[in-house]
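> Sharing a structure with you now.
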Amino acid sequence: MDVYTGVKLRVSRRLLLFLCITIESLVCSCISSPVVGQTAKVLTLNLEGAITKAEANNPQLMTAQGSINVAQAGVAVAKDRPNPRFSLDIPFGEAETKRIVGIEQLIELGGKRGTRLALANSQVQQAQLQLDYFRWQIRTQVRQAYTELAIAQGAQQNAEQSLAINQQLVYIAKLRFQADDVAKADVVQAEFAFSQAQQKVEPAVNRVHQAIIRLNTLLGQSTDTVINLVDGQAFTFSLNGSQQGLAVITKLPEVTGLKKLAKASRLDLALAEQQIQINNNQIQVARSARIPDFTLAASFVWDPGLSTASAPSPTTTAVILGARVDLPVFNSGASGVKQARANFSVAQAQKIALESQVDSEVAIAYENIISAQRLLERDRTVLLPQALEVLNLSRNSYQYGQTSLSDALLNQQSVQSVFDNFYADILAYQTALGALEQAVNLPMSAINNINAPKTP
């Protein structure tokens, strides 16, 4: 090797070392810094703030609140009493001369009005429970959308920094090729890897846009509102381990305690119990319908008679009092009672089945959380640090000619896969948390604070 080539190689080595340091700083910046949109219109939110805003402004939730007004109107209808009936009969012609003015009043027997009111009040309570249940569904959807946005932003950041690293590898390959240290194939291969990395950026950007649209829709605001997540760093990996807010929670209560808590607080169980009460009230309504109603009638009759010029007719009057009642001969109402009892039995069976389902949902969500916690712990303490070390060693090895570019690219793809799995594990973890919140019908803050034995 001549002196010129040796100096050229030494300069290239120093430049490569500088580029590697630059790459490492980019990686650390990628991992620890969130992405914030550069716009004048930014909504800053944390998870609880997003849930609170959705409960106040979600359009579907606001529409569902109208069901309460409908049910309350049903109570007013149930309070109504039958109106009196007025009648007036005036004959025309010589066959009849009586004028009759009458009034009738239906008197409901068997407690019909009381049973109607009880049923209507039960339906109001059911509407309120349904609204609360829907509110919890919105809460779960907001948690999922919030998590998806945070992870999408992290994934976009990861894809962009991966692209930057591939660009640096292209520079390194070109410098080594100019120094006659590698073949032209390394440059072509590095440029091909860079093009592949470019293809991954656009889907990552689109994923962020889709997540923003979904979250904005749930929050009841314009879909183009930019959202800045205050705790977004909790969804990314930090080298110093100081940003782990939503990645790990305190130890959960034991699953048996959670099952008992769920049975006491689940809204769908309360709805099932309320449905049983409604069906019981419907039985009472059907029973009261079997008792015939009683109608009182009173009429005043005025008969001027048929008068002629030669024989005037005397005028006569009378008062008629009457009572009317339907005879339950062909329809006794027994079929209505039978149907109401059948619905009551179905409601009881549905509640028993739902109680079993609640146990299953709590157990599944609990196991998913425990499993996701283990995966995240291994991600943070083992895989992610190892991935960074592998990436650094791989670059150094390629820099000094100890490994090929193919090995360096393969290692980088492996590191990328580790980070992709990390984001997937966070999403699975947050999904499991949302499922447990819905299964127990309590926020995680309340679940963690209950006085019950904790998991080891």
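The values are calculated or read from the model by the stated rules, or taken from the named source; none is laboratory data. These numbers were taken from a predicted model, which means no experiment stands behind them. Virtual Cβ from ideal backbone geometry, glycine too; neighbours counted across all protein chains shown. What goes into the accessible areas is simple: the full protein's heavy atoms, side chains included, and nothing from ligands, DNA or RNA. Shrake-Rupley method; radii C 1.70, N 1.55, O 1.52, S 1.80 Å.
> Could you go through segment 328-335 and let me know if any residue there is modelled with pLDDT of 90 or more and of a type outside the set (S, T, N, Q).
Yes - at least one qualifying residue is present in segment 328-335.
> Out of all the residues in segment 392-410, which are assigned to a helix (DSSP H, G or I), out of contact with any Phe, Trp or Tyr (no Cβ under 9 Å at 6 or more places or on another chain) and either open to solvent by 50 Å² or more (accessible area, probe 1.4 Å) or under 19 Å from D180 (Cα atoms) (or both)?
Selection gives L393, R395, N396, S397, Y398, Q399, S406, L410.
> Right, something else. Name the residues in segment 346-366 that are touching a residue at least 60 places away in the same chain (Cβ under 8 Å) and under 18 Å from E254 (Cα atoms), would you?
Of everything in segment 346-366, those that are touching a residue at least 60 places away in the same chain (Cβ under 8 Å) and under 18 Å from E254 (Cα atoms) turn out to be V358, D359, E361, V362, A363, I364, A365, Y366.
> In this structure, is V415 more than 30 Å from R266 (Cβ to Cβ), of a type in the set (V, I, T) and within 35 Å of the chain's Cα centre (by Cα)?
So V415 fits the description; yes.
> Answer yes or no as to whether V101 is aliphatic (A, V, I, L, M), out of contact with any helix residue (DSSP H, G or I) (no Cβ under 9 Å at 6 or more places or on another chain) and farther than 30 Å from A204 by Cβ.
yes
> Assess whether S417 counts as being over 27 Å from V187 (Cβ atoms) and without any contact (Cβ under 8 Å) to a residue 12 or more places away in the chain.
No; evaluated as a whole, the condition is false for this residue.
> While we're looking at this one, here's another question. Going by what's in this entry, would K338 be described as farther than 24 Å from A155 by Cα, part of a helix (DSSP H, G or I), open to solvent by less than 60 Å² (accessible area, probe 1.4 Å) and of a type in the set (K, R)?
Spelling it out, it is not the case that K338 is farther than 24 Å from A155 by Cα, part of a helix (DSSP H, G or I), open to solvent by less than 60 Å² (accessible area, probe 1.4 Å) and of a type in the set (K, R).
> Please verify whether L215 is closer than 14 Å to Q153 by Cβ, at pLDDT below 90, buried (at least 18 other Cβ atoms within 10 Å of the Cβ) and in contact with a helix residue (DSSP H, G or I) (Cβ under 8 Å, 6 or more places away or on another chain), treating the condition exactly as stated.
no
> If R116 passes every condition in (1) open to solvent by 50 Å² or more (accessible area, probe 1.4 Å); (2) part of a loop (DSSP other than H, G, I, E, B) but one, which one does it miss?
Single failed check for R116: (2).
> Report, ordered by the first and then the second residue, all pairs with beta carbons closer than 9 Å, sequence separation of six or more or different chains, a first member in segment 185-200 that is more than 14 Å from Q161 (Cα to Cα) and in a helix (DSSP H, G or I), and a second member that is open to solvent by 60 Å² or more (accessible area, probe 1.4 Å) and of a type outside the set (D, E, K, R).
Note: pairs meeting the criteria are D186/F177; V187/F177; A190/Y171.
> Of everything in segment 91-105, what is modelled with pLDDT of 90 or more and hydroxyl-bearing (S, T, Y)? Give them in sequence order.
Hits for segment 91-105: nothing passes.
> Return yes when G102 is on the phi > 0 side of the Ramachandran plot, touching a residue at least 12 places away in the same chain (Cβ under 8 Å) and either open to solvent by less than 70 Å² (accessible area, probe 1.4 Å) or not in a helix (DSSP H, G or I) (or both) and no when it is not.
no
> Take the residues of segment 51-92 that are hydroxyl-bearing (S, T, Y) and over 30 Å from F294 (Cβ atoms): which is surrounded by the most Cβ atoms within 10 Å (Cβ to Cβ)?
The selected residue is S67.
Results for (1) aliphatic (A, V, I, L, M); (2) within 30 Å of G434 (Cα to Cα); (3) loosely packed, with under 12 Cβ neighbours inside 10 Å; (4) more than 27 Å from the chain's Cα centre (by Cα), shown as yes or no for each residue.
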{"site": "I283", "(1), (2), (3), (4)": "yes, no, no, yes"}
{"site": "A289", "(1), (2), (3), (4)": "yes, no, no, yes"}
{"site": "D326", "(1), (2), (3), (4)": "no, no, yes, yes"}
{"site": "V329", "(1), (2), (3), (4)": "yes, no, yes, yes"}
{"site": "S356", "(1), (2), (3), (4)": "no, yes, yes, no"}
{"site": "A365", "(1), (2), (3), (4)": "yes, yes, no, no"}
{"site": "T381", "(1), (2), (3), (4)": "no, yes, yes, yes"}
